[in-house]
Amino acid sequence: MPNQNSDNVSEKPPKMPYLGTKISADLTQIQIFKLLRLYGIEEKRWTDQGENTLLEFSHVLGNGKTITFAFKLPILMIERRIWDESKGYVKKLVRHRGAEMRLLFWYLNAKLQAIEWGLESFEMEMATHAVVRQAGGSTTFGEVIRPHFEQGQLPEVKALPVREPVRDRIIDVTPEAQ
């Protein structure tokens with residue numbers, strides 16, 4: 001058992017998630033598309049940009065506007081034994097695409113379930129992944145706001161709209177009278 005500090009947090013670094021997955025990256029891509037379709041997201045695509053792989057999809061918000069969201073696949077490296085014609089088997093760091101895809105699948109699944117069960121609205125849950133246009137191209141809202149967080153200061157926002165509670169997101173869990 002790893003050492004734990006007083007906050008019950010492990011001091012041992014975690015191992016790579018989904019390290020032992022037997023599910024291929026290709027199959028997980030299909031599962032991600034099925035998951036998005038299950039939640040009504042029809043417009044989606046994979047984009048490769050050099051080493052980066054992006055999942056992009058569009059969603060129509062309640063006001064009728066369409067917003068595009070982008071999720072960058074993490075790069076997870078693993079040491080594998082690879083055959084080299086001149087040296088025989090050598091250890092080499094390679095991408096673990098299967099683990100990368102599984103991590104993204106479960107991340108999206110958790111976000112979509114949080115939305116479905118009323119923990120947060122779609123817009124708020126996905127806000128950091130919203131694609132914004134800039135002079136040099138496009139990026140996500142999260143990448144725009146990240147430098148402000150790193151500097152410990154957020155830009156001033158003049159007026160935030162008051163968010164009214166949404167009654168249809170409240171789940172009544174009162175037990176029935178016996």
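What follows is calculated from the coordinates using simple rules that are stated; it is not laboratory data. Bear in mind the structure is a predicted one, so any value in this text is a computation, not a measurement. Methodologically, a virtual Cβ is constructed for each residue, glycine included, from the backbone with ideal geometry; neighbour enumeration extends over all protein chains shown.
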Counted neighbours (other Cβ, 10 Å), sorted fewest up, put Tyr107, Tyr39, Tyr18 in the order Tyr107, Tyr39, Tyr18
What order do you get for Glu100, Glu42, Glu85 when you list them from fewest to most C-beta neighbours inside 10 Å? Glu85, Glu42, Glu100
Applying 1/(1 + (r/R0)^6) with R0 = 45 Å to the Cβ-Cβ distance of Lys92 and Lys65, what FRET efficiency is obtained, to the nearest 0.05? 0.45
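Could you grab the relative contact order for the range 1-157? Cα pairs under 8 Å, six or more apart, rounded to a whole percent.
Working: 183 pairs, mean separation 27.9, N = 157.
Contact order relative to length: 18 percent.
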Please order Lys34, Lys44 by the number of other Cβ within 10 Å, starting at the fewest. Lys34, Lys44
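For the range 25-146, with only Lys/Arg (+1) and Asp/Glu (-1) charged at the beta-carbon, what is the dipole magnitude about the Cα centre, in debye rounded to 20? Please list the in-between numbers first.
On the way: 17 positive and 15 negative charges, 77 e Å.
That gives a dipole near 360 debye.
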Looking at the range 1-143, what % of the alpha carbon pairs are farther apart than 17 Å? 70
